[in-house]
Amino acid sequence: MNPDTDLLAETPDIGGAYPRLSDEQLELLSRNGEERPVRRGDVLVAEGQRDRDFLVVLSGKVAVIEGYGAPKARSVRVHGPRRFLDELGLLTGQPSFVSMVAQEPCRILAVPVRRLHALVQEEPDLGDLILRSFLSRRELLIGGITGIKIVGSRFSPDTRRLRELAARNRVPHTWIDLEEDPGAEELLRRLSIGPNDTPVVIWRDKVWRNPSNAELARVAGLRRSGPDEVRCDVVVVGAGPAGLAAAVYGASEGLSTIVLDAVATGGQAATSSRIENYLGFPAGISGAELADRAVVQAKKFGADLSVPVKAVRLRWHDSDQVVHLDDGTQLRTRTVVIATGARYRKLDVPRLAEFEGTSVYYAATFMEAIFCERQPVSIVGGGNSAGQATVFLARHAAQVRLIILHDDLSRDMSRYLVDQIERLPNVGVLRHTEITDLIGDDGQLQALGVHDTRTGERQEIPTTVLFTFIGAQPCTDWLASSVALDQRGYVLTGPQVRTDAPQPVMLETSRPGVLAVGDVRSGSIKRVASAVGEGSMAVRLIHDHLAKFGPAIDRERSNP
């Protein structure tokens, strides 16, 4: 079938991903856009196009095509009258990963994205419909198209790095494994690429040899180039729940807001397959969807988000803070919100580095689940993250063993997770157990050496994939001596450090105008809801600080 010429049937609606607009919704959109006649074969949106309008099909049919114009082009969706086109990337500023081509003469309604943002604030029901549809379409797109190709060995740390960046940022991509895919070697030969040049990234007609994270981020539209020095009201360092909450509330209240993260939006929460105890979501919500919704909200209000961008130093000049980034950019800002969170500690066992990235992981997402299919898997940790990973991976692995040092699973884990784990037939809990050895060859784990801390008994447990969710290390290396830290490296705030202040501000660090929120703050409650609360509270305190230095900065002059 030729997607350039053959007429295809309209794609049925899948779980609300492709709704039809009502007469009232069409009328609202028509007042904010313009109708355009298009001919058969006209390209409405080209693959790789970043700036585009929100398009509604009024009559005729439009095909969504991957690789349009190439020999292996294929139609992945077809939309008819009253349906709108595109997916989440339209709202987040990413390029289109597909082309949209008129199958027959059509009438199209084009609404500029800025007007769409204003309209959905006035008409929240329409906004909810579009957002739910776009979130579903992104999920379908990730599993339904090739997207960006990453070609590399599963044993290569750089392959792992690129795959993690794409997966954590929900970028449609396909991994071609050099060891397992029979067509990988022929593909590299055709491109005149030797094994030493891998991993490579391929999209459209371009090839990048072992690109940096920043290069891949620019390809995927996650990061834009800007001036070397930028000024704003607030820089939020870290885009987990606390940082995204600060971004949403700050931008919605008129503050020029820049948000950075070294890996991806959503933080550790985004790696949770389902958060079931978050207020307002009785059926639960995945961490990735929660992050995507927050990103759309923040961008709607004008926040500037950029990943992966790493803050390397915090300095100050007069009353301003200066955040230095890993690409040499300097962000001069009146206030800083530190929301860099914490990372899981590493196991203190021999040969750990040998297996990291190939058999040992610190997040349990669909990317890692690929390696767990019908395999024996072990998880070490007794908190909610370990519990969520256990429930999720049990759907993929042949057997899952959850390893804890104590004997009470409910001591650090929510009851709803304990109940689920106890009902899973392929999950076993090893209590008062400690890992002593990693056993395997050529970077592939085969078993764990463990011992019972109560009886001293030792045994080997078959394990090809190990997940660790133990303790936490705050991500504060970049702060050095900029703000006061506690003995474990967490940021001290409020009465803990501002003993000279008559009324110390609870979230403020030892540096006026610099606040800390979420898991990175000493004494914080390690829960998504409390992190969101602290992020929103920080904005009120930022306003109090800015009141001492005049009005907020004009966004039009400050944003890159």
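The values are calculated or read from the model by the stated rules, or taken from the named source; none is laboratory data. Because the structure is predicted, anything quoted here is derived from the model rather than measured. Here Cβ is always computed from backbone atoms with ideal geometry, including for glycine, and neighbour counts include all displayed protein chains. When the accessible area is computed, the model is the full protein with side chains, heavy atoms only, and any ligands, DNA or RNA have been set aside. Shrake-Rupley method; radii C 1.70, N 1.55, O 1.52, S 1.80 Å.
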Answer residue from the range 406-441, given it is open to solvent by less than 20 Å² (accessible area, probe 1.4 Å) and more than 28 Å from the chain's Cα centre (by Cα) and is farthest from ALA386 (Cα to Cα) among those: GLY440
Out of LEU466, LEU515, sole residue that is more than 29 Å from GLY387 (Cβ to Cβ), in a strand (DSSP E or B), at pLDDT 95 or above and open to solvent by less than 30 Å² (accessible area, probe 1.4 Å): LEU515
Residue that is least open to solvent (accessible area, probe 1.4 Å) [pool: residues in the range 317-359 that are assigned to a helix (DSSP H, G or I) and not acidic (Asp, Glu)]: PHE355
Selected residue [within 18 Å of LEU131 (Cα to Cα) and not acidic (Asp, Glu)] from ARG39, ARG83, ARG31: ARG83
In the range 360-405, residue nearest to VAL263 (Cα to Cα) [restricted to those that are part of a loop (DSSP other than H, G, I, E, B), open to solvent by 30 Å² or more (accessible area, probe 1.4 Å) and not hydrophobic (A, V, I, L, M, F, W, C)]: TYR362
Pick from the range 302-316, criterion open to solvent by 50 Å² or more (accessible area, probe 1.4 Å) and more than 24 Å from MET506 (Cα to Cα), ranking: nearest to the chain's Cα centre (by Cα): LYS310
Selected residue [free of Cβ contacts under 8 Å to residues at least 60 places away in the same chain, on the phi > 0 side of the Ramachandran plot and more than 31 Å from the chain's Cα centre (by Cα)] from GLY60, GLY41: GLY60
Helices (runs of 4 or more DSSP H) wholly inside the range 93-201 containing at least 2 residues that are touching a residue at least 12 places away in the same chain (Cβ under 8 Å), open to solvent by less than 40 Å² (accessible area, probe 1.4 Å) and over 29 Å from ALA9 (Cα atoms): 113-122, 157-168, 184-190
Pairs with Cβ under 8 Å, 6+ apart, first in the range 397-410 and in contact (Cβ under 8 Å) with a residue 60 or more places away in the chain and of a type in the set (D, E, K, R), second buried (at least 24 other Cβ atoms within 10 Å of the Cβ) and not in a loop (DSSP other than H, G, I, E, B): ARG401/VAL377; ARG401/SER378; ARG401/ILE379
Test: residue in the range 76-85 that is among the aliphatic types (A, V, I, L, M) and either outside any loop (DSSP other than H, G, I, E, B) or surrounded by fewer than 17 Cβ atoms within 10 Å (Cβ to Cβ) (or both): yes
Matching residues, the range 260-274, being within 16 Å of ALA531 (Cα to Cα) and either open to solvent by less than 10 Å² (accessible area, probe 1.4 Å) or in contact with a Leu (Cβ under 7 Å, 6 or more places away or on another chain) (or both): THR265, GLY266, ALA269
Test result for ASP23, farther than 28 Å from ARG218 by Cα, charged (D, E, K, R), open to solvent by 40 Å² or more (accessible area, probe 1.4 Å) and under 28 Å from the mean Cα position of the chain (by Cα): no
Output for the range 144-166, where each listed residue is over 20 Å from THR464 (Cβ atoms) and under 16 Å from the mean Cα position of the chain (by Cα): ARG161, LEU162, LEU165, ALA166
Residue ID - modelled with the lowest pLDDT, chosen from residues in the range 118-156 that are among the β-branched types (Val, Ile, Thr) and under 22 Å from ARG170 (Cα atoms): ILE145
Among the residues listed as ASP437, ASP419, the single one being in a helix (DSSP H, G or I) and of a type in the set (D, E, K, R): ASP419
Which listed residue is assigned to a loop (DSSP other than H, G, I, E, B), at pLDDT below 95, small (Gly, Ala, Ser) and surrounded by fewer than 22 Cβ atoms within 10 Å (Cβ to Cβ), from ALA501, ALA547, ALA472, ALA529: ALA501
Test: ARG36 is more than 26 Å from ARG218 (Cβ to Cβ), touching a strand residue (DSSP E or B) at 6+ places or on another chain (Cβ under 7 Å), outside any strand (DSSP E or B) and open to solvent by 40 Å² or more (accessible area, probe 1.4 Å): no
Selection count where residues are open to solvent by less than 30 Å² (accessible area, probe 1.4 Å) and assigned to a strand (DSSP E or B), scope the range 39-75: 10
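Quick grid of which residues meet (1) in contact (Cβ under 8 Å) with a residue 40 or more places away in the chain; (2) closer than 30 Å to GLN49 by Cβ; (3) open to solvent by less than 10 Å² (accessible area, probe 1.4 Å):
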| residue | (1), (2), (3) |
| --- | --- |
| ARG204 | yes, yes, no |
| ALA214 | yes, yes, no |
| ARG231 | yes, no, no |
| ALA246 | yes, no, yes |
| GLU253 | yes, no, no |
Restricting the range 200-249 to residues that are of a type outside the set (A, V, I, L, M, F, W, C) and closer than 22 Å to GLY287 by Cβ, the residue that is farthest from the chain's Cα centre (by Cα): TYR249
